[in-house]
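The values are calculated or read from the model by the stated rules, or taken from the named source; none is laboratory data. Predicted model, so just to flag it, every value in this text is computed and none were measured. Glycine also receives a Cβ, built like all others from the backbone with ideal geometry; neighbour counts cover every protein chain displayed.
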Amino acid sequence: MSGVLVHLPSDGRTETTPAPGPVSLRLGPGDVARFGRGSASVPVDLRLADPAVSRLAGEIRVTEDHWQLSNLSTSQTYLVENPEGAGEYFRVPPRRAGAPVPFEFARVVLPARGSAVTFQVFAPDHAYLGTNGTAVTAGTGTLAGFSLDETSTYFLVLLALCEPRLRDESPVAVATTPQIVERLRHSPGCERLTARAVSSHIDYLADEKLRITTPAAADATAAGAGRGVRRTGKREAVAALALRFGLVREEHLGLLPPRRAVLQRTGVTQG
């Protein structure tokens, strides 16, 4: 591992050095960088000048193949976000030492009196094993856990369903059935797609392709709740599983029609 780059942007919310401007630190394997509010008696490598940040808030340690984050606060929980993912993040609780960070690009978020204090960490690309030379054993071949056809209509429906999260427009919301119908209106082969067809595709994804069972749907059925409640739970479960396993990713968004066509159709203009 060649090391990591820690970057603190100059956004007007933190005082990083006597001279204005961003701060960048290059760390190699074995290096440690401490961050916090700092003081004359508590030196830090990355100064976060917010009264809610501890003088010694935490440290970054670079190992041979990843980096670790330690939370030295006694009361504050930190977040580590993946800006390139679909809302992925994990919490680092107080006094947690050496939490390994799996993201190639991460944003560390600390609670603050105003807006949260953040800095970024760029790690080298992950290493992957090649397929050449992989041992092949006799017996039945391994089946795919999830087999999706990216040229199919149901995949476009899944992609449109997950689009708000893939674009970071909402960490929790998924597209509604009418929104999916309108979103795919300009996609070849989907000009006459109906709400009932979209619902059928979602049922097919949930029941056959992703094999999802939702306790909420089962409870609603037993209680005699409306079909809309059950379908909302199913849509959210389908989107959550697809995003969790990376079945739909940002690079798939190019399969959808340009958003400008949809905005023009609804009378919305982009600046």
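Just to be sure before I move on: is Gly189 touching a Ser or Thr at 6+ places or on another chain (Cβ under 7 Å), at pLDDT 80 or above and loosely packed, with under 15 Cβ neighbours inside 10 Å in the structure I sent? Yes; evaluated as a whole, the condition is true for this residue. On inspection, Ala49 fails the criterion of being under 27 Å from the mean Cα position of the chain (by Cα) and either modelled with pLDDT of 95 or more or of a type in the set (A, V, I, L, M, F, W, C) (or both).
Is it fair to say Ala144 is modelled with pLDDT under 95 and under 21 Å from the mean Cα position of the chain (by Cα)? Here the answer is no, as Ala144 does not meet what is asked.
Results for (1) surrounded by 15 or more Cβ atoms within 10 Å (Cβ to Cβ); (2) without any contact (Cβ under 8 Å) to a residue 24 or more places away in the chain; (3) not polar (S, T, N, Q), shown as yes or no for each residue.
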{"site": "Tyr89", "(1), (2), (3)": "yes, yes, yes"}
{"site": "Pro93", "(1), (2), (3)": "no, yes, yes"}
{"site": "Pro102", "(1), (2), (3)": "no, no, yes"}
{"site": "Ala106", "(1), (2), (3)": "yes, no, yes"}
{"site": "Pro111", "(1), (2), (3)": "yes, no, yes"}
{"site": "Gly114", "(1), (2), (3)": "no, no, yes"}
{"site": "Pro124", "(1), (2), (3)": "no, no, yes"}
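Taken together, the residues in the stretch 147-161 that are surrounded by 24 or more Cβ atoms within 10 Å (Cβ to Cβ) and over 15 Å from Pro188 (Cβ atoms) amount to 2. Residues satisfying the criterion are present in the stretch 221-236 (criterion: within 16 Å of Gly87 (Cα to Cα), in a helix (DSSP H, G or I) and modelled with pLDDT of 90 or more).
On inspection, Ala261 fails the criterion of being at pLDDT below 80, surrounded by 17 or more Cβ atoms within 10 Å (Cβ to Cβ) and farther than 24 Å from Gly87 by Cβ. As a summary of the residue check, Asp65 satisfies the conditions (1) surrounded by 13 or more Cβ atoms within 10 Å (Cβ to Cβ); (2) within 25 Å of the chain's Cα centre (by Cα); (3) assigned to a loop (DSSP other than H, G, I, E, B); (4) among the charged types (D, E, K, R) except for the one numbered (1).
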